[in-house]
Amino acid sequence: MTERSVVVSPLVKGEGRQVCVDGESMGAAFSLRGLAEIMRRAGWTDVDEIDVADSPVIEWHGGGPEVWSRQG
(Lines give C-alpha, C1' and ligand atoms only; values in the text may rest on other atoms or scores of the structure.)
Protein backbone atom coordinates (compact mmCIF):
# COMPACT_ATOMS: atom_id res chain seq x y z
CA MET A 1 0.00 0.00 0.00
CA THR A 2 1.29 3.45 -0.89
CA GLU A 3 1.76 5.94 1.92
CA ARG A 4 -0.49 8.96 1.38
CA SER A 5 0.64 12.49 2.07
CA VAL A 6 -0.99 15.80 2.86
CA VAL A 7 0.85 19.11 2.55
CA VAL A 8 -0.65 22.21 4.13
CA SER A 9 0.90 25.55 3.09
CA PRO A 10 -0.05 29.18 3.75
CA LEU A 11 -2.04 30.92 1.04
CA VAL A 12 -0.17 33.71 -0.73
CA LYS A 13 -2.74 36.30 0.35
CA GLY A 14 -5.18 36.33 3.23
CA GLU A 15 -6.05 33.67 5.72
CA GLY A 16 -6.28 29.95 5.15
CA ARG A 17 -4.02 27.14 4.03
CA GLN A 18 -3.62 25.45 0.64
CA VAL A 19 -4.11 21.69 0.89
CA CYS A 20 -2.47 19.15 -1.43
CA VAL A 21 -3.22 15.45 -1.11
CA ASP A 22 -0.84 13.05 -2.84
CA GLY A 23 0.50 15.98 -4.89
CA GLU A 24 -2.93 17.15 -6.07
CA SER A 25 -4.37 20.51 -5.00
CA MET A 26 -7.59 19.98 -3.05
CA GLY A 27 -8.39 23.63 -2.33
CA ALA A 28 -8.08 25.81 0.73
CA ALA A 29 -8.89 25.11 4.36
CA PHE A 30 -9.55 27.83 6.91
CA SER A 31 -9.58 25.70 10.05
CA LEU A 32 -8.80 22.21 11.31
CA ARG A 33 -12.45 21.33 10.71
CA GLY A 34 -12.12 22.39 7.07
CA LEU A 35 -8.92 20.39 6.68
CA ALA A 36 -10.65 17.32 8.11
CA GLU A 37 -13.47 17.77 5.57
CA ILE A 38 -10.99 17.96 2.68
CA MET A 39 -9.30 14.79 3.93
CA ARG A 40 -12.67 12.99 4.16
CA ARG A 41 -13.43 13.96 0.54
CA ALA A 42 -9.99 12.57 -0.40
CA GLY A 43 -10.84 9.18 1.11
CA TRP A 44 -9.87 9.30 4.77
CA THR A 45 -12.72 8.09 6.93
CA ASP A 46 -13.58 9.12 10.46
CA VAL A 47 -11.11 12.02 10.73
CA ASP A 48 -11.84 15.05 12.85
CA GLU A 49 -10.01 18.17 14.01
CA ILE A 50 -8.03 16.33 16.68
CA ASP A 51 -6.93 13.67 14.19
CA VAL A 52 -5.63 16.20 11.66
CA ALA A 53 -3.83 18.29 14.30
CA ASP A 54 -1.84 15.21 15.38
CA SER A 55 -1.58 13.30 12.08
CA PRO A 56 1.87 12.09 11.03
CA VAL A 57 0.84 12.15 7.33
CA ILE A 58 0.41 15.94 7.32
CA GLU A 59 3.39 18.10 6.45
CA TRP A 60 2.81 21.63 7.78
CA HIS A 61 4.60 24.45 5.90
CA GLY A 62 4.72 27.97 7.34
CA GLY A 63 3.56 26.99 10.82
CA GLY A 64 1.74 24.17 12.54
CA PRO A 65 -1.93 23.35 12.94
CA GLU A 66 -2.55 26.47 15.04
CA VAL A 67 -1.52 28.87 12.21
CA TRP A 68 -4.24 29.86 9.71
CA SER A 69 -2.92 33.19 8.42
CA ARG A 70 0.29 34.16 6.66
CA GLN A 71 3.12 34.91 9.09
CA GLY A 72 5.32 37.99 8.80
Cut-off 14 Å between beta-carbons: net charge of the residues surrounding Asp51, Lys and Arg +1, Asp and Glu -1: -2
Charge dipole magnitude, Cβ of K and R +1, D and E -1 - the chain, Cα centre, debye nearest 20: 340
Carbon and sulfur together cover what percent of the accessible area of the chain at a 1.4 Å probe radius? 51
Suppose each label sits 7 Å from its Cα in the direction of the beta carbon; what would the Asp54-Glu3 distance come out to in nanometres? 2.0
At a threshold of 8 angstrom on Cα-Cα distance, excluding pairs fewer than six apart, so keeping six or more, what relative contact order does the stretch 1-68 reach in percent? 33
Accessible surface, 1.4 Å probe, highest first, among residues Asp54, Asp46: Asp46, Asp54
Honestly the chain on the Cα gyration tensor test (a ≥ b ≥ c root eigenvalues; a/c under 1.5 rounded, otherwise a/b vs b/c for prolate or oblate) is just prolate
Quick check: the angle from helix 32-41's long axis to the longest principal axis of the chain, C-alpha only, nearest 10 degrees? 40
Which of the trypsin sites (Lys or Arg not before Pro) found in the chain are loop residues per DSSP with 11 or fewer other Cβ atoms within 10 Å of their Cβ? Lys13
Roughly how many Å² of Glu66 are accessible to a 1.4 Å probe, to the nearest 10? 140
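The values are calculated or read from the model by the stated rules, or taken from the named source; none is laboratory data. Quantities reported herein were computed from a predicted structural model and do not represent experimental measurements. Quick reminder, even Gly has a Cβ in these numbers, built from the backbone with ideal geometry, and neighbours come from all protein chains shown. Calculation scope for accessible area: heavy atoms of the full protein, side chains included, ligands and nucleic acids excluded. Shrake-Rupley method; radii C 1.70, N 1.55, O 1.52, S 1.80 Å.
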